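**Q** Got a structure for you, questions after.
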Amino acid sequence: MNARLHWQEDAEVELVPGYALTDADGALRERLTGVRFAIEGGFVHVAVPGAGAVQVVSAPAVRRLGYPVAGPASAAG
C-alpha cells in the first residue's frame, strides 16, 4: 500500500449505481464495510481485506464514505 496516503480504517464505502468494487470472494458490490480507504486527488483508493489489490475509483463514483471516530471526540458526538 502507498505509505504516503492517509488511510481510514474499518470503513464503509458505497458507490453510486453502475459502479462496483470487488469483494474478497470476487463478487462485485456497490457497498462494502470493513475496508480501508484513502483519498488522493480525485480518486478513492479502497483496500478490501482478502481482495489482493487496492482498487481505485473516481471520486464522482462514490455515494458515501464512512469510518469510526476515534478517541474522546466519539463520546461527545
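The values are calculated or read from the model by the stated rules, or taken from the named source; none is laboratory data. Just so we're clear, the structure is a prediction, and the values are computed from it rather than from any experiment. Cβ coordinates were reconstructed from backbone atoms using ideal geometry, including for glycine residues, and neighbour counts include every protein chain displayed. Just so you know, the surface numbers come from the protein's heavy atoms only, side chains and all, with ligands and any DNA or RNA stripped out. Shrake-Rupley method; radii C 1.70, N 1.55, O 1.52, S 1.80 Å.
**Q** Which pairs turn up if I take residues in region 1-23 that are over 12 Å from HIS45 (Cα atoms) and look for partners that are modelled with pLDDT under 95 and open to solvent by less than 50 Å² (accessible area, probe 1.4 Å) with beta carbon separation below 9 Å, at least 6 apart in sequence or on another chain?
**A** THR22/ALA51; ASP23/ALA51
**Q** Which of the residues that make up region 27-63 are open to solvent by 50 Å² or more (accessible area, probe 1.4 Å), over 15 Å from GLU9 (Cβ atoms) and out of contact with any strand residue (DSSP E or B) (no Cβ under 7 Å at 6 or more places or on another chain)?
**A** If the condition is that a residue be open to solvent by 50 Å² or more (accessible area, probe 1.4 Å), over 15 Å from GLU9 (Cβ atoms) and out of contact with any strand residue (DSSP E or B) (no Cβ under 7 Å at 6 or more places or on another chain), then GLU40, GLY41, GLY50, GLY52, ALA53, PRO60 are the ones that fit.
**Q** Further question: Report, by residue number, each residue of region 1-25 that is in a loop (DSSP other than H, G, I, E, B) and open to solvent by less than 50 Å² (accessible area, probe 1.4 Å).
**A** Across region 1-25, the qualifying residues are ASN2, LEU5, TRP7, VAL16, ALA20, ASP23.
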